[in-house]
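The next block holds one structure in the form of structure tokens; read it before the comments.
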Amino acid sequence: MALMFFITLLFNLFALLLILIRPKLFQTKLFRPMITNFKLSVIPLFILIGTLALQLFFAWLSSATSFAFLGILSSLILIVGLIVWLVFLPNAGYLVTELNLTHREIDKVEVPIWYDIVAVLSLAISGVLNTALNIVLLQFTFIIYFDPANFAAINTPTFWLLTWLVFPVLSFGIYLGRYIRFNTWDLFHPLQFVQKLVKHFREKEHRREAFVFTILLGVFLALFYALTFLNPLWEIIK
């Protein structure tokens, strides 16, 4: 498990490095939207880690002081934190959409295609790894919250059902960001959000496209999670 954390960190640093040195190597402009998407990709991890840290702190404070309201506050922090995390989660996997190489359209000089393939592929893999890591941290959050003394107790059908359901949900979120150009902040304008959503899905072609996109990307992300983090996690909770 520690090795996968380290590999995820290395991929993120390598992908970021390739983006930052590209302008220096080939005398072209920095593609800032890619940097923005990279930053957004790691935000869900910080939200989840922060939520878990706060929840554990107030849970400890509740047990140390015997103030019941602190235990309630601890649970509320967990619920609110998980909702915010889920809203931001599609940003982690959104990096796979950089594979269209649209950033090359603004270049005024010829950048070798091999360089951009390596750079964008590294960026996409870092996004997929970030997504898988988020799922693992979510699972550990549930383990710590429900029964930290007995990891095996969480190994239930409900636990795994909730785990696998996250993948189509976040894949649909990625679709909304890529094809309707929604971002997390649009949720602060719910009326406009719903109107734009309804208008888009009036088209039968769009509904079909969203369904296929959600299923295929969801399966891809789930398989990647299974290949990277599932076995180390299974060894812990079995």
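The values are calculated or read from the model by the stated rules, or taken from the named source; none is laboratory data. This structure is a prediction, so every number in the text was calculated from the model and none was measured. Cβ sites come from the backbone with ideal geometry, for glycine too, and all protein chains shown count toward neighbours. When the accessible area is computed, the model is the full protein with side chains, heavy atoms only, and any ligands, DNA or RNA have been set aside. Shrake-Rupley method; radii C 1.70, N 1.55, O 1.52, S 1.80 Å.
Just grab the label-to-label distance for Gln192 and Phe67, each label 7 Å out from Cα along the Cβ direction, in nm (one decimal).
The answer from the label model is 4.0 nm.
Connecting C-alpha atoms closer than 10 Å in a GNM of the chain, tell me which of Asn100, Asn183, Asn134 has the biggest fluctuation.
Asn100
Looking only at Thr65, Thr51, Thr36, which one moves most when the chain is put into a Gaussian network model with springs between Cα atoms under 10 Å?
The residue with the greatest mean-square fluctuation here is Thr65.
So which DSSP H runs in the chain come out at 18 Å plus along the axis (Cα) with average Kyte-Doolittle of at least -0.5? List each step's numbers first, then the result.
Details: long enough: 2-26 (36 Å, 2.12); 32-65 (49 Å, 1.26); 68-88 (31 Å, 2.74); 113-146 (49 Å, 1.75); 157-179 (34 Å, 1.10); 204-225 (31 Å, 0.79).
Going by DSSP H runs, the hits are 2-26, 32-65, 68-88, 113-146, 157-179, 204-225.
Over the chain, give the accessible area per residue in Å² for a 1.4 Å probe, as an integer.
That works out to 56 Å² for each residue.
Please list Arg32, Arg207 in order of solvent-accessible area, largest first, computed with a 1.4 Å probe with all protein chains present.
Arg32, Arg207
Longest span of the chain, sites excluded, free of GluC sites (Glu not before Pro) in DSSP loop with at most 15 other C-beta atoms within 10 Å?
No qualifying site falls inside 1-109, the longest such stretch.
Provide Asp116, Asp186 ordered by accessible surface of protein heavy atoms (probe 1.4 Å), highest first.
Numbers: Asp116 0, Asp186 45 Å².
Descending order: Asp186, Asp116.
For a quick check, take a GNM of the chain with Cα springs below 10 Å and name the residue from Ser74, Ser171, Ser62 with the largest mean-square fluctuation.
Ser62
Please list Ser66, Ser126 from largest to smallest accessible area, probe radius 1.4 Å, with all protein chains kept in place.
Numbers: Ser66 100, Ser126 0 Å².
In descending accessible area the options line up as Ser66, Ser126.
What's the tally of Lys pairs in the chain whose alpha-carbon atoms lie under 19 angstrom apart, where the two lysines are 8 or more places apart or on different chains? Don't skip to the answer; put the middle values down first.
Details: Lys24/Lys108; Lys29/Lys39; Lys29/Lys108; Lys196/Lys204.
Final tally of qualifying lysine pairs is 4.
Carbon and sulfur: what percent of region 1-142's accessible surface (1.4 Å probe)? Please list the in-between numbers first.
On the way: 5600 of 7110 Å².
Solvent-exposed carbon and sulfur of region 1-142 make up 79 percent of the total.
With labels modelled as points extended 7 Å from the Cα through the Cβ direction, what inter-label distance (nm, one decimal) is found for Thr102 paired with Thr36?
Label at Thr102, label at Thr36, 1.2 nm between them.
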